Structures are given as structure tokens and as C-alpha cells.
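Just below is one structure, and these are the notes that go with it.
The values are calculated or read from the model by the stated rules, or taken from the named source; none is laboratory data. A quick note: this is a predicted structure, and the numbers were derived from the prediction, not measured. Please note: Cβ atoms are built from the backbone with ideal geometry, for glycine as well, and neighbour counts cover all protein chains shown.
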Amino acid sequence: MNLAFKPIVDYTESGEISTAFMIESIYITDDVKITGWKAGEIKISLTKTNAQPRVSTHLRPDVSESLKLTSKLEVFGFEISYPVSQSIESVLIFEAGAPSRMRRHELKIPHRKTTNTPQGNLVLPEIETLRNIVSKKKELLIVGSAPTLTHHMELIKKFDGDIWALNDAWMHVEQHGIRIDAAVVTDSRFLKKRRSEINSSPCCDLITIDTVNLDPIREKKINAYVLKSLGRDGFSRELGEVYHGCSVFFTALQTACSYTLNYENIKSCGVLLSPPKSYARIDGSNHMPEYVHATQLKNARRAMEEIRKFRINFEALDAESNLNYL
């Protein structure tokens, strides 16, 4: 199974800043697809064409509840799509309202189709070959980037099994002389920000999803296993298919629990799933949208139920991790 390679594309946005509007993803296959959410209605137009984009909407109560909006506007998730062949220069999104108060967002998107042909030294292997990185011990430690990671460095060094590092944790553990078996990344910004460090990393295997832009590391000699993102909420044990759950941890956990890899014992450290007010990363950053936390907990609860059902041993080594209370 060689999945389509569909990264989020870099784009520029101009317009007024709004606390009730967010672009969540943009990626290109045969169509350009833009997803996001908005409190209230929106109007869409494409520049230099009479063509009308396809627009679908659905309610997003998770965002509405977390934002605690004082207005009576409902929050809608939206998907905007149009054929990449139309070579649209930009997409205009208007937040509906009185003309004098209507906010305008212009997205300039490169109209190029991305294929699954690797560029540079990047290799995109068949997903089934992921089984080759699993050791005979069938034990896995998933290392996250919460500040508590610093408490576990000696344990990680002595761990006698496979080690997967999530996003920023990849660089942090390598700085302590720890060799990881795979990096799991679902954030395009991380690859762009840490490009030079990634290019010099000894790690040979990267697990990611099909909405991540791998262009920044195309010169890195690494096996990039691109999984298909099925959406936000759920749990899959089919190798190569995951629900993102608004946390890279869920991509790692579902892959490890897949029928093909089937790890028997899984531990985590540096994975807290903290609420926004106390959220922090090992690099000191602490920004996270309010609505994400409820989604993370819902998917964590589902994941723990699935793990118990299939009798997979799981232990969160951080006493304060929300994974211990679900």
C-alpha cells in the first residue's frame, strides 16, 4: 500500500485577525482542499474565475463549548475544495455580517499538485515494511515533549526496547546521546523550524501523516512512512490509517497497536495531555488552542478503552498524565 503523499502547503494569509475563525489545514491532491471553522456564516470567492468552489459545512460543538462564545452564533466546520487545474491565485473568505463589519481573509495558495514521488534523498517505503523496525521484544516507549520528560532521561537510556520520539522530543533525547528507533511527527511547522537538526540526526525512520509537508527535509536520507489521516476522532488498528485526535501521541499509539506491528507492552513518558492553562513543551512554548484539549481527552478515553479491550499493556509513567485518569 503506497499512500498518496498530500502535504499541507505553505500559504500566506492577509486580513483582519479574528478570534472566531481558523484555517486548520490546506493540502493538494487533484483538488485544493481547505478546512477550518468559523463562528457564524462565511462567504467564499475565487479570484480571476467564475467557477464556484465546493463548500460543505458541519457543526463544531467542541469548538463552541471550549471558546465559550458570548454571542449566539453557532460554530461551523467547513471544507472548501476546487480542482487544482483551475490555477486559482487566491481564495477570498468573508466572515458574514454587515458590509462595514465584514472581515476579509485572502489565502494565496501555490497551485501545484504534490505526488508521492520522493524528492532528494527522502524515501517513501511501502507502509507494510514498518514491521521491520519492530524489535523481537515487542516493547515500546513513546517519548513526548512535556517538561516532565527531563525526569525520565535515565530510564530512557536504560530502556530495553524500541523508542519512538514525538515532535520536539526527537531532538531533545538525541541531545542526551539517546538513539531513537523512529520519530513520529504530525506538525509541518516542526519540520520547517528544526530542519537543520533533523538533517544531521542519525534517525533513519520517520512516521508521519499525509497532511504533513515533507518538503523541508527532502534532502534528508530517511524512510518516511506516510500514514493516511482518517480524520480527527476515532481509533484504528489498521496499519497505515490513523485518526489524528489533535495530538501526535495518537498517531504513534494507533500505529504501535496496529494488527501488523502489535506491540504487547507500551509505555509513555513526557505525554501529559494537559489543559491549555498548564500546557507546556520541553522547549518552553505553551500555546495551544482552547478547543483542542476536549478533543484530546475524548480520543484518549477511546484509545484507553480499545487498549484494554485488546489486552495491550499500557503504562503512562508520568503520575500527572491525564492518561492515568481515563
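Here are the numbers:
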quantity: Matching residues in region 132-153 - criterion: being in contact with a His (Cβ under 9 Å, 6 or more places away or on another chain) and either among the hydroxyl-bearing types (S, T, Y) or not assigned by TED's automatic domain parsing to the domain that holds E264 (or both); calculated: S145, T150
quantity: Of the criteria (1) within 17 Å of D205 (Cα to Cα); (2) crowded, with 17+ Cβ neighbours inside 10 Å; (3) of a type outside the set (A, V, I, L, M, F, W, C), which one H152 fails; calculated: (1)
quantity: Pairs where the first residue, in region 130-142, is in contact (Cβ under 8 Å) with a residue 40 or more places away in the chain and the second is crowded, with 21+ Cβ neighbours inside 10 Å and among the hydroxyl-bearing types (S, T, Y), C-beta under 6 Å, 6+ apart; calculated: L130/Y225; K138/Y263; L140/Y263; I142/S268
quantity: Pairs, first in contact (Cβ under 8 Å) with a residue 60 or more places away in the chain and part of a loop (DSSP other than H, G, I, E, B) in region 29-47, second surrounded by 15 or more Cβ atoms within 10 Å (Cβ to Cβ) and aliphatic (A, V, I, L, M), C-beta under 7 Å, six or more apart; calculated: D30/V84
quantity: Members of region 176-234 found to be more than 18 Å from S145 (Cβ to Cβ) and part of a strand (DSSP E or B), listed by number; calculated: D205, N223, A224, Y225, V226, L227, K228, S229
quantity: Identity of the residue in region 155-195, farther than 15 Å from L214 by Cβ and either touching a Cys at 6+ places or on another chain (Cβ under 6 Å) or among the β-branched types (V, I, T) (or both), that ends up surrounded by the fewest Cβ atoms within 10 Å (Cβ to Cβ); calculated: I178
quantity: Residue check for T29: within 23 Å of A294 (Cβ to Cβ), surrounded by fewer than 16 Cβ atoms within 10 Å (Cβ to Cβ) and modelled with pLDDT under 75; calculated: no
quantity: Pair list, Cβ under 8 Å, 6 or more apart: region 190-214 residue outside the structural domain of I26 (by TED's automatic domain parsing), other residue assigned to a helix (DSSP H, G or I) and surrounded by fewer than 18 Cβ atoms within 10 Å (Cβ to Cβ); calculated: D205/I133; N213/K192
quantity: Yes/no for I156 being in a loop (DSSP other than H, G, I, E, B), β-branched (V, I, T), over 20 Å from the mean Cα position of the chain (by Cα) and in the same structural domain as K137 (by TED's automatic domain parsing); calculated: no
quantity: Residue check for K137: of a type in the set (D, E, K, R), over 19 Å from A224 (Cα atoms) and assigned to a helix (DSSP H, G or I); calculated: no
quantity: Odd one out for H151, checked against (1) within 16 Å of the chain's Cα centre (by Cα); (2) part of a helix (DSSP H, G or I); (3) within 24 Å of A316 (Cβ to Cβ); calculated: (1)
quantity: Positions within region 200-214 being over 16 Å from V143 (Cβ atoms) and surrounded by 15 or more Cβ atoms within 10 Å (Cβ to Cβ), in sequence order; calculated: C204, T208, I209, D210, T211, V212, N213, L214
quantity: Leading residue by the ranking (nearest to the chain's Cα centre (by Cα)) among those in region 52-88 that are part of a loop (DSSP other than H, G, I, E, B), within 25 Å of D31 (Cα to Cα) and at pLDDT 70 or above; calculated: R60
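Let's see how each residue does on (1) touching a residue at least 24 places away in the same chain (Cβ under 8 Å); (2) within 30 Å of E79 (Cβ to Cβ):
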site: K157; (1), (2): no, no
site: D181; (1), (2): yes, no
site: I217; (1), (2): yes, yes
site: S229; (1), (2): no, yes
site: R237; (1), (2): yes, yes
site: Q254; (1), (2): yes, yes
